[in-house]
Amino acid sequence: MISEFAIISEDAVIGKNVRIHPHAIINAGVCLHDDVEIFSGAIIGQSRIHKKVPQELSFSENRVVIGPNTVIGPYSIVYANVKIGADTIIDGNCEIGYPTPLADGHPLIIGQGTLIRSHSVFYAGSCFGTRLVTGHRATVREKTIAGENLQIGTLCDIQGDCEIGDYVRFHSNVHVGKKSRIGNFVWLFPYVVLTNDPTPPSETLMGAVIEDYAVVATMSVILPGVTVGSHSLVGAHALVTKNVPRGMIVGGVPARVFGEASSMKLKDGSGQSAYPWTGHFHRGYPENITKEWNKMSYPEDFENSEGGYNGP
């Protein structure tokens, strides 16, 4: 169903069973695959809006490809040079592929099975794996490279030039500074801040590094260039000024090491170790991954000589 009140360029490619609601605009260079739905007021293939961004782009740079069975909500804008994977939902009032010269002409690529909630903004030049999920009003700047099933909470701010692994979880109001590097299966809880300027304001950027399976609790601040080791725990309100060894608990201002994370017990009366958290928390993770976690012995997989975790 294509409304007679929609505006569709003759150069757009429209697949089968596509639904375009009244007052949607489909510009030249747009390819809508089968079973796509575009709601009222959405603009697909919007031209560049900043004078610093070249207006004369090649056909390939202007293209927008929207995969099968994808929904674009009302009044959302999908700019030029964007590829959206199949089975994706983008809620209303989002801006996808927001143009910036800092993207250096790179496309925005969003993987299959994504859910982007309302009022979120994704800049041009980033790449996301499958099953990205956001809360509302998330902002992600250019040149962010992320793996599978990244979850970005409401009002999160990722400042770009970041590397993020698979199955990373950001709760609401997390700030990730430029040049940050985040491993796989990392948790950043509300109001965590990853800083990057050791002498603000300056042109020197040193991103924080958060290694695999690390947990950073609410309202903690990680200073520029600091590494938080794998399977470690940063306690709430900590100010982390030095590298955190693998598998350790740190807390305080400035943060100091309190001991091995494996010494903490769950508060459910079971007496089970709370860390590594993979020993008891599996919600939201694929079965093939959690089966591997179940094969591990806890806490025998810690190497006491290094204070680190050599598990999955």
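Quick note: the coordinates plus some simple rules give every number you see, no bench work behind them. Worth saying up front: this structure is predicted, and the values here are computed from it rather than measured. All Cβ positions, glycine included, derive from the backbone under ideal geometry; neighbour counts span all protein chains shown.
Remarks
- With K and R counted +1 and D and E -1, the other residues having a Cβ less than 13 Å from that of GLY85 yield a net charge of 0.
- DSSP loop trypsin sites (Lys or Arg not before Pro) with at most 11 other Cβ within 10 Å: longest gap in the chain: 53-266
- Neighbours of ASP35 by Cβ distance under 9 Å: Lys/Arg scored +1, Asp/Glu scored -1, total 0.
- For the chain: relative contact order, % (alpha-carbon pairs under 8 angstrom, 6 or more apart): 7 percent
- Computed FRET value (nearest 0.05) for LYS242 with LEU115, which takes r as the C-beta separation and R₀ as 35 Å: 0.40
- For the chain, share of DSSP beta bridges that run antiparallel, in % to the nearest 5: 10 percent
- The chain, helix-only ellipticity at 222 nm - DSSP H runs n ≥ 4, -39,500 (n - 2.57), divided by all residues, nearest 500: -1000 deg cm²/dmol
- For the residue pairs LYS83/LYS179; LYS267/LYS291; LYS143/LYS178, the alpha carbons lie more than 20 Å apart in LYS83/LYS179; LYS267/LYS291.
- Once the gyration tensor of the Cα atoms in the chain is diagonalised, the equivalent ellipsoid follows with semi-axes of 41, 22, 14 Å, ordered largest first.
- For region 124-185 versus region 239-290, the spacing of their alpha-carbon centroids is 22 Å.
- Near the amide H of THR144, within less than 5 Å, lie the amide hydrogens of SER126, CYS127, ASP161, CYS162, all on another chain or at least 5 residues away, with H placed in the peptide plane.
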